[in-house]
Amino acid sequence: MKILLYCLNYSPELTGIGKYTGEQARWFAARGHEVRVITAPPYYPAWRVGAGYRAWQYRREQHDGVQVWRAPLWVPSRPSGLKRVLHLASFAASSLPCLLAQWRWRPDVVMVVEPPLLCSPAALLLGRWTGAKTWLHVQDYEVDAAFALGLLKQPLLRKLACALERHAMAAFDRVSTISEAMLRLARDKGAPEARTQLLPNWVDLRAIRPGRGSLYRRRLGIPADATVALYSGNMGNKQGLEVLAQAARQLRDRPDIWFVLCGDGAGRAALEQACAGLPQVRFLPLQPASRFP
């Protein structure tokens, strides 16, 4: 089967949507499917394009049996509401030639990973041209999140975004998402129940198990018998990580409780400032799987 994945985030990003989409593509390829990916250069969660890549460059790669087409995008150093919209729109526009080039390849399945929702109309068009089944996989309801967090406030923009979302939910042959609550929301937004599918994210229990962190404890100077609260992932606005800073400050006189905050993102600098002077807090960049003890 020929499977086309159309996604903003992909490997080698270590967290978030890119991690799961990369693993999914490799899983398909390992089972004999012909897989192509249209994506952007890696930039998340640091909001900086990764080493060896350029923001405004088209390039093609081959990894683990997957053919990857990367399209340019604009990456704001300080993402705000309008900047995020322009960021997503830049990829939707620049990736369009890559998507249309798949017409000759004629995929059997076109799978779009949301966000960005802006990529859905072109994917539906390609599916119609080629006869491919279309699949929308929702990792995050970006429209709801943007307005709930106050990143976007314009009523007209919300009306247009919700209209696009309702159309996408009704038009795709399959709509999946990562939790039961999000699946119910997809149906509320117009996805026919018969076309919806639960597709939760996953974790490799063989690689990540409690009680194997002694090496990191030694590196970070954490006592072997201390209790460690670990956060790993994106450090943005919607994660609410200021709660961890508040908890660490309230527990600053408890040498048996430590906090390890691992990741990057638009909110990391503010989080580091909130934790300044706390002896039992350690910050780390995202750690590749090869460093797991």
Selection within region 1-22 - under 14 Å from Pro41 (Cα atoms), of a type in the set (A, V, I, L, M) and surrounded by fewer than 24 Cβ atoms within 10 Å (Cβ to Cβ): Leu14, Ile17
Set Val143, Val138, Val109, Val175: member being in contact (Cβ under 8 Å) with a residue 12 or more places away in the chain and under 16 Å from Ile38 (Cα atoms): Val109
Top-ranked residue of region 77-124 - restricted to ones that are at pLDDT 95 or above and of a type in the set (Ser, Thr, Tyr), ranked as farthest from the chain's Cα centre (by Cα): Ser94
In region 215-265, the residues that are under 27 Å from Ala146 (Cα atoms), in contact with a Ser or Thr (Cβ under 9 Å, 6 or more places away or on another chain) and among the hydrophobic types (A, V, I, L, M, F, W, C): Leu261, Cys262
Residue check, Val68 modelled with pLDDT of 95 or more, assigned to a strand (DSSP E or B) and touching a Gly at 6+ places or on another chain (Cβ under 8 Å): no
Selected residue (criterion: nearest to Pro279 (Cα to Cα)) from residues of region 184-242 that are touching a Cys at 6+ places or on another chain (Cβ under 9 Å) and surrounded by fewer than 17 Cβ atoms within 10 Å (Cβ to Cβ): Leu230
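The values are calculated or read from the model by the stated rules, or taken from the named source; none is laboratory data. Bear in mind the structure is a predicted one, so any value in this text is a computation, not a measurement. Neighbour counts run over all protein chains shown; Cβ positions are idealised from the backbone, glycine included.
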